[in-house]
Amino acid sequence: MTDLFRLAGAVRRDPEVDAWFSAPEHDLRRLAQPWFDSLRACGPDVRELLHDGHPTACVGDAAFAYVDAFSAHVNLGFFHGAALDDPAGLLEGAGKRMRHVKIRWGLPVDADALNALIAAAYQDVRARLRSD
């Protein structure tokens with residue numbers, strides 16, 4: 001069993017996700033947008049929706065990552081992050097499956113390592129779908 005988190009209603013480009021990023025009173029959402037754009041660019045089977053109020057990227061209907069904006073940082077979360085190789089040590093969290101990366105204004109981000117995590121999360125869920 002692959003324990004995929006399935007979300008009905010994901011679409012190629014969800015206008016509600018775009019509206020989430022453009023909300024004028026939420027500057028940190030714009031810090032999250034380039035990372036969500038990286039999720040969108042993973043492949044032609046990527047779909048998206050707002051889940052629990054947060055932009056969530058799926059492979060088909062299987063969630064693989066999300067973004068969320070808080071008052072002082074952005075989280076880029078991975079639904080199966082505990083299974084990802086993280087040589088740069090970016091992932092935080094101690095849950096059974098999920099992990100996240102915190103991104104803060106003015107602090108450098110290891111873009112190569114974070115993009116590698118994004119690609120790995122996408123490929124991981126694709127492989128889980130094939131074995132499901």
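Here, each number is a calculation from the coordinates, and none is a lab measurement. Note that this is a predicted model, so its numbers are computed, not measured. Cβ: placed from backbone, ideal geometry, glycine included. Neighbour counts: every protein chain shown.
Listing for the model above:
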quantity: Overall dimensions of segment 15-131 by Cα: Rg and Dmax, Å; calculated: 13.4, 43
quantity: Unit charges on C-beta of K, R, D, E only; dipole of segment 15-131, Debye; calculated: 300 debye
quantity: Cut-off 15 Å between beta-carbons: net charge of the residues surrounding Ala82, Lys and Arg +1, Asp and Glu -1; calculated: -1
quantity: Relative contact order for the chain, counting Cα pairs under 8 Å that sit 6 or more residues apart, in percent; calculated: 24 percent
quantity: Proportion of all alpha-carbon pairs of segment 15-81 beyond 13 Å (%); calculated: 60 percent
quantity: Exposed trypsin sites (Lys or Arg not before Pro) absent - longest run of the chain, DSSP non-H/G/I/E/B, at most 16 other C-beta within 10 Å; calculated: 14-95
quantity: Contour excess over end-to-end distance, with Cα ends at Ala82 and Ala127 and 0.36 nm allotted per residue; calculated: 14.7 nm
